[in-house]
Amino acid sequence: MQLAEFQNNFQAAHAALSKVVLGHAAALEHLLVALFADGHVMLTGVPGLGRTLLVKSAAKVLGLSFNRVQFTPDLLPTDITGTEVLQESADCRTRSFRFFKGPIFANLVLADEINRTPPKTQAALLEAMQEIQVTAGGERYDLPRPFFVLATQNPIEQEGTYSLPEAQLDRFMFQINVDYPNQQEELEVLDLTTTSYKPEIVPVLGAEEILPLQALVRKVIVSQELKEYVVRLVRTTRPGREGAPDFVGKWVSWGAGPRASQNLVLGAKAWALLNGRHEVNAADVRFVAGPVLGHRLVCNFAAEAEGISSSKVVQKLLETVR
């Protein structure tokens, strides 16, 4: 597949989504980068900003099968993965178990408000996200490829929620913060949603076309110098380690692990391709650094007291590390 074809596919998908989802240009770009780089995504933001619409529209535009799971306190792991049911034959002589697939069996799965269900159910996603399979009754069932989990979290109303373990958060390539639209964008939303106008969503790709796009991303060139920059950037997030700035020791309890380096490189490769280049540069790494590192840094009470978020720490690191 040629570079021009990759760019055309991205631009077509981006243009189609932009007709439906208004006011989230950066979120759109980061979402498409993650999908082309074969990564899972966490979407955060207050209710009513169109996160669910963004995910559903992305599935339609990319020609992917889609399922939505609304996470609730009483949701069970089998409600996600599927369950075995004992069935009797028509002549009532034999019985056997049959596996009924759960909503996880789709190309794109929306885990809506994932922090509202207990850890046991959250963990049901772990094997699926890492191994692209589920296990039930001792049998393994492969999930369709490509496979993406897009989860949402509500940053307010934390009562009765269950924070995701750091090990599970680390499985998400990006955490994308969906912010409020500006005034002009909000006016456009009103124009499009309070009339009879309904934008038509036409698929521009298919599941079988996305797989070679993902393979092409991994062929993008990354220089040794840039690899060293990525590793240096990630290692400076770890307090008490050599090279970590003083402000990291002051504000951060735990830094990012090696998976952050991998995702920085893959995300930067995808962004380089989408900009018509076969080789990654430092600007590509900085473009994906926020979504990759933000949810992997655990800030301490000192940072909270000073109003310092993990995204601010990442921004300060990008200004410091060269």
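So between ARG98 and LEU76, what do we pick up on full extension, going 0.36 nm a residue minus the alpha carbon distance? Provide the component values of the computation, followed by the final result.
Numbers: separation 22, 0.36 × 22 = 7.92 nm, distance 1.87 nm.
Gain on extension, ARG98 to LEU76, equals 6.0 nm.
Ellipticity at 222 nm from helices only: DSSP H runs of n ≥ 4 in the chain, each -39500 (n - 2.57), divided by the residue count, give -13000 deg cm²/dmol.
Under 21 Å from the Cα of LYS120, which lysines turn up, not counting those fewer than eight places away in the same chain? Straight-distance partners of LYS120: LYS101. Hey, with R₀ at 30 Å, roughly what FRET efficiency would GLU304 and LYS120 work out to, going by the Cβ-Cβ distance, to 0.05? After rounding to 0.05, the efficiency reads 0.55. As a ratio to 2.2 N^0.38 Å, the alpha-carbon radius of gyration for the chain is 1.06.
Think of the range 220-322 as having a plus end and a minus end, set by charges on the Cβ of Lys, Arg, Asp and Glu; of VAL248, THR236, PRO258, PRO258 sits farthest toward the positive end of this dipole. Near the amide H of GLY82, within less than 5 Å, lie the amide hydrogens of GLY102, all on another chain or at least 5 residues away, with H placed in the peptide plane.
Would you mind putting 76-82, 193-199 in packing order, based on average other-beta-carbon counts within 10 Å, highest first?
On the way: 76-82: 18.6, 193-199: 8.7.
Taking the mean over residues of other Cβ atoms within 10 Å, the ranking is 76-82, 193-199.
Sorted by packing (mean other beta-carbon atoms within 10 Å per residue), highest first, where do 243-256, 278-291 land? Walk me through the numbers before you get to the answer.
Working: 243-256: 17.2, 278-291: 19.5.
Highest-to-lowest ranking by the protection proxy: 278-291, 243-256.
Put in order of Cβ neighbour count within 10 Å, fewest first, the listed residues MET129, MET173 become MET129, MET173.
Couplings for the range 3-8, taken from phi via the Karplus curve 6.51 cos²θ - 1.76 cosθ + 1.60 with θ = phi - 60°, read 4, 4, 5, 4, 4, 4 Hz in order; Gly and Pro are left as x. Fully extending the segment from GLN224 to GLN315 would add 30.4 nm, taking 0.36 nm per residue of separation and subtracting the current Cα-Cα distance. With kT/(6 pi eta Rh) evaluated at 20 °C and eta = 1.002 mPa s, and Rh the Kirkwood radius from Cα pairs, the range 1-179 diffuses with a coefficient of 122 µm²/s according to Stokes-Einstein. For the chain, the longest principal axis of the alpha carbon atoms and the long axis of helix 207-217 meet at an angle near 30°. For ALA151, the residues whose modelled amide H falls within less than 5 Å of its own, excluding neighbours fewer than 5 places apart on the same chain, are VAL41, MET42, LEU43, ALA111.
Each value in this text was obtained by applying a stated rule to the coordinates, not by laboratory testing. Nothing here was measured: the structure is a model prediction, and the numbers come from that model. All Cβ positions, even for glycine, are placed from backbone atoms using ideal geometry, and neighbour counts span all protein chains on display.
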